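Just so it is clear, none of the values below were taken in a lab; they were calculated from the coordinates. This is a predicted model, so every value here is computed, not measured. Glycine also receives a Cβ, built like all others from the backbone with ideal geometry; neighbour counts cover every protein chain displayed.
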Amino acid sequence: MMFTTCRYAKALQLTLAVIKPDAMAHPLILEALHQKILENHFIIIKSKDLVWRREDSQRFYAEHAGRFFYQRLVEFMSSGPMRAYILARENAISQWRELMGPTKVFRARYTAPTSIRGVYGLTDTRNTTHGSDSAQSASREIAFFFPEFNMKEWTEKEEPLVRAGHVVYD
Ligand code: ADP
């Protein structure tokens with residue numbers, strides 16, 4: 001039975017989740033990932049499909065400039081459409097990272113075979129999804145993808161969050 005419960009924004013944490021171009025290219029994988037988000041009690045605050053220019057990719061991953069995989073990563077992330085989500089739930093950052101599994105696909109296959117990267121990851125670069133790794137990076141990354149979103153205002157909201165017709169939390 002579908003039912004709706006609610007949580008106050010203040011009790012929740014926000015994270016940025018991205019479905020990378022390798023997974024976006026496959027509608028069934030995209031759908032499976034979307035279901036995974038809902039099944040794991042994340043509330044989708046915003047989502048958008050977008051394509052990066054090379055410069056966006058370089059700017060987002062500037063901390064990796066000079067690493068051996070940087071050019072490959074920049075090319076890949078600007079190679080096709082992506083879907084970005086602002087997700088909310090308690091411990092959203094660590095929960096989404098746990099669902100994704102380790103960065104490197106061979107490690108994901110062995111240590112977390114049912115994780116997103118364990119199941120769908122193709123290579124260490126083409127690894128299906130992104131997720132913020134700290135509160136600080138979540139703020140930066142949400143602003144990067146959703147400059148129009150006022151995170152401070154959202155976080156201080158008093159009213160309950162409800163998604164009619166979906167179990168958003170139980
Ligand atoms: P994560 O995405 O798990 O937070 P990092 O921030 O370390 O991982 O790396 C960013 C992205 O760069 C990874 O998701 C992956 O696409 C790519 N990457 C990281 N390490 C490697 C590597 N050793 N070889 C190839 N690509 C890599």
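Worth pointing out:
- Segment 100-114 - residue that is assigned to a loop (DSSP other than H, G, I, E, B) and free of Cβ contacts under 8 Å to residues at least 24 places away in the same chain and, of those, surrounded by the fewest Cβ atoms within 10 Å (Cβ to Cβ): Thr114
- Verdict on Ser134 being without any contact (Cβ under 8 Å) to a residue 40 or more places away in the chain, of a type in the set (S, T, N, Q) and either more than 9 Å from the ligand (Cβ to nearest atom) or more than 18 Å from Tyr61 (Cβ to Cβ) (or both): no
- Residue that is nearest to the ligand (Cβ to nearest atom), among those in segment 91-115 that are in contact with a Lys or Arg (Cβ under 7 Å, 6 or more places away or on another chain) and under 14 Å from Lys36 (Cβ atoms): Met100
- Considering segment 62-87, and only residues there that are of a type in the set (Phe, Trp, Tyr) and closer than 23 Å to Leu30 by Cα, the residue that is nearest to the ligand (Cβ to nearest atom) turns out to be Phe76.
- Residue pairs meeting the criteria (Cβ under 7 Å; at least 6 apart or on separate chains; first among the hydrophobic types (A, V, I, L, M, F, W, C), in segment 74-99; second more than 16 Å from the ligand (Cβ to nearest atom) and in a helix (DSSP H, G or I)): Leu87/Ile37; Leu99/Lys36
- A search for C-beta distances below 7 Å between a residue of segment 115-130 that is among the aromatic types (Phe, Trp, Tyr) and any residue that is more than 8 Å from the ligand (Cβ to nearest atom) and in a helix (DSSP H, G or I), counting only pairs 6+ apart in sequence or on different chains, returns Tyr120/Ala23; Tyr120/Ile29.
- Identity of the residue in segment 5-49, farther than 18 Å from Ala135 by Cβ and polar (S, T, N, Q), that ends up surrounded by the most Cβ atoms within 10 Å (Cβ to Cβ): Ser47
- Residue in segment 8-17 that is away from the ligand (no atom under 16 Å from the Cβ), out of contact with any helix residue (DSSP H, G or I) (no Cβ under 8 Å at 6 or more places or on another chain) and either of a type outside the set (Ser, Thr, Tyr) or under 24 Å from Phe149 (Cβ atoms) (or both) present: yes
- Among the numbered conditions (1) within 11 Å of the ligand (Cβ to nearest atom); (2) surrounded by 18 or more Cβ atoms within 10 Å (Cβ to Cβ); (3) part of a loop (DSSP other than H, G, I, E, B), the only one that Trp52 does not meet is (1).
- Only a single criterion out of (1) surrounded by fewer than 19 Cβ atoms within 10 Å (Cβ to Cβ); (2) within 23 Å of Ala32 (Cβ to Cβ); (3) polar (S, T, N, Q) is not satisfied by Ser78, namely (2).
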